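The values are calculated or read from the model by the stated rules, or taken from the named source; none is laboratory data. Everything numeric here is computed off the predicted structure, so don't read it as measured data. Methodologically, a virtual Cβ is constructed for each residue, glycine included, from the backbone with ideal geometry; neighbour enumeration extends over all protein chains shown. Side chains are part of the model used for accessible areas, which takes the heavy atoms of the whole protein and leaves out ligands, DNA and RNA. Shrake-Rupley method; radii C 1.70, N 1.55, O 1.52, S 1.80 Å.
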Amino acid sequence: MKTENNVALKRFNSFGLSYTAQHLVKIYSENDIYDVIEDNIEPVYILGGGSNILLTKDISGYVLKNEIKGISVIEEDEYCALVEVGAGESWHQFVLWTLSHQLGGLENLSLIPGTVGAAPIQNIGAYGVEQKSTFHSLHCIDLKTGERKTYFKQACQFGYRDSIFKNELKGQVFITKVQYLLQKKNHKLSYEYGDIHAVLSEKKIEHPGITDISDAVITIRQKKLPDPKNIGNAGSFFKNPVIDVSLFEKIKEHHPNLPFYHTDTEGKIKIPAGWLIEQAGFKGMERNGIGVHKNQALVLVHYEGGSGEALLELAHEIQQKVFSIFGIQIEPEVNIW
Ligand code: EPU
């Protein structure tokens with residue numbers, strides 16, 4: 001096991017915040033994980049692409065960086081392919097691989113930052129599709145016992161940006177490989193989402209394929225969301241809150257243009273947190289190197305020289321103001337370290 005000490009984490013988190021890790025261990029294989037378990041080291045923090053964390057302090061203990069790579073088809077028939085991918089692969093590179101092999105199912109999830117291992121943890125989603133729809137199973141190693149485990153879809157308890165790996169199993173397992181069941185033909189496309197429709201008609205594409213959808217999603221994301229290479233950010237900072245219909249009706253009396261999404265649960269409505277934050281007056285604000293993005297209020301940003309503590313403080317301020325105006329408690333989607 002190769003351990004690096006006092007490692008600057010700036011390039012390992014998409015906010016680009018300057019904190020350090022006491023120890024960093026890169027994990028390239030299952031054997032590397034067994035070494036960690038044998039050495040009984042703790043506490044451990046598991047890092048993927050660092051695109052969904054807010055660092056607020058130097059990390060004392062061990063940061064394990066997932067570098068397990070590899071993509072292969074492990075089973076297939078005429079219609080479907082079961083693809084196994086290393087949890088340390090870049091998610092977007094994996095999506096591009098599926099497109100180049102004419103495999104459908106992940107095209108709407110193009111350009112989401114982060115690694116493959118983080119995808120089931122967050123149950124990432126965008127433009128009407130969540131990863132759970134093509135997820136098949138994952139392999140992981142229990143960090144206490146060293147036991148190798150497989151979780152199939154049902155056992156993962158996927159919900160909106162949620163899974164068993166964010167709850168009961170938080171920090172307990174190290175995900176090594178993930179399997180997705182993808183379509184080889186008769187691709188089931190999902191492009192009802194307003195923005196995708198608009199981009200396709202602008203390009204005069206009437207019968208889109210998976211690559212057209214991916215291209216459209218990339219166009220939309222590049223327009224709306226800041227590139228972490230230029231401005232530090234972790235995508236949506238908050239989840240879109242799910243509220244009771246009664247509260248929704250009450251708010252609507254004063255805000256007739258309140259946007260909303262229907263949910264699968266009766267009596268519950270999802271509200272775009274970006275709208276709430278914009279109404280609360282935070283959109284585009286900037287102070288001490290941090291702020292709220294000017295095109296998408298759901299995205300908190302780090303320009304230069306700001307701190308994670310200041311970002312956390314701003315997040316609390318936003319939560320309080322939104323609560324005092326709308327009576328809605330919004331919760332972070334990013335993990336706070
Ligand atoms: N809106 C505003 N002001 C803003 C931002 C949004 O009024 O500053 C309103 C608009 O009415 C807009 C609606 O919010 O129509 C929804 O905005 P958008 O379509 O941009 O989506 P979102 O709800 O803000 C969610 C996901 C994104 C995902 C997009 C597209 C969450 C927390 N976020 O954002 O996921 O890409 O939908 O499907 O669910 C991420 O998780 O990091 C992420 C980027």
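Considering the conditions (1) closer than 22 Å to S51 by Cβ; (2) free of Cβ contacts under 8 Å to residues at least 40 places away in the same chain; (3) not hydrophobic (A, V, I, L, M, F, W, C), S201 is excluded by exactly one of them, (1).
Filter the range 314-337 for residues that are within 21 Å of E278 (Cβ to Cβ) and exposed (fewer than 14 other Cβ atoms within 10 Å of the Cβ) and give the result. Working first, answer last.
To start, the set of residues in the range 314-337 that are within 21 Å of E278 (Cβ to Cβ) comprises 314-334.
Residues satisfying the conditions are H316, E317, Q320, S324, G327, Q329, E331.
Does at least one position in the range 40-61 carry a residue that is in contact with a strand residue (DSSP E or B) (Cβ under 6 Å, 6 or more places away or on another chain) and under 30 Å from N186 (Cβ atoms)? No, that holds for no residue. Consider F248 carefully, then state whether it is assigned to a helix (DSSP H, G or I), in contact with a strand residue (DSSP E or B) (Cβ under 7 Å, 6 or more places away or on another chain) and within 16 Å of the ligand (Cβ to nearest atom). For F248, the condition - assigned to a helix (DSSP H, G or I), in contact with a strand residue (DSSP E or B) (Cβ under 7 Å, 6 or more places away or on another chain) and within 16 Å of the ligand (Cβ to nearest atom) - is met.
Residues considered: I290, I220, I277. Of these, the only one that is touching a residue at least 60 places away in the same chain (Cβ under 8 Å) and open to solvent by less than 30 Å² (accessible area, probe 1.4 Å) is I220. Output the residue which, of all residues in the range 127-145 that are within 11 Å of the ligand (Cβ to nearest atom) and either touching a helix residue (DSSP H, G or I) at 6+ places or on another chain (Cβ under 6 Å) or free of Cβ contacts under 8 Å to residues at least 60 places away in the same chain (or both), is nearest to K229 (Cα to Cα). Among residues in the range 127-145 that are within 11 Å of the ligand (Cβ to nearest atom) and either touching a helix residue (DSSP H, G or I) at 6+ places or on another chain (Cβ under 6 Å) or free of Cβ contacts under 8 Å to residues at least 60 places away in the same chain (or both), the one nearest to K229 (Cα to Cα) is Y127. Looking only at residues in the range 11-55 that are hydroxyl-bearing (S, T, Y) and more than 23 Å from I336 (Cβ to Cβ), which one is least open to solvent (accessible area, probe 1.4 Å)? Checked the range 11-55; the qualifying residue least open to solvent (accessible area, probe 1.4 Å) is S29. Each residue in the range 175-190 was checked for being part of a loop (DSSP other than H, G, I, E, B) and touching a Phe, Trp or Tyr at 6+ places or on another chain (Cβ under 8 Å), and 4 of them qualify. Can you pull out every residue in the range 97-132 that is in contact with a strand residue (DSSP E or B) (Cβ under 9 Å, 6 or more places away or on another chain) and in a helix (DSSP H, G or I)? Hits for the range 97-132 are W97, T98, E107, N108, L109, A118, A119, P120, I121, Q122, Q131, K132. Among the criteria (1) open to solvent by 30 Å² or more (accessible area, probe 1.4 Å); (2) assigned to a strand (DSSP E or B), the one Q154 does not fulfil is (2). Sub-7 Å Cβ pairs linking a first residue in the range 322-337 that is under 20 Å from I121 (Cβ atoms) and part of a loop (DSSP other than H, G, I, E, B) to a second residue that is away from the ligand (no atom under 13 Å from the Cβ) and open to solvent by 40 Å² or more (accessible area, probe 1.4 Å), at least 6 apart or interchain, are W337/Y45, ordered by first then second residue. For the range 294-310, filtering for residues that are more than 7 Å from the ligand (Cβ to nearest atom), aliphatic (A, V, I, L, M) and in a loop (DSSP other than H, G, I, E, B) leaves 1. Just one of the numbered conditions (1) at pLDDT below 95; (2) in a strand (DSSP E or B) is not true of Y34: (2).
Restricting H92, H101 to those that are open to solvent by 20 Å² or more (accessible area, probe 1.4 Å) and within 28 Å of I336 (Cβ to Cβ) reduces the list to H92.
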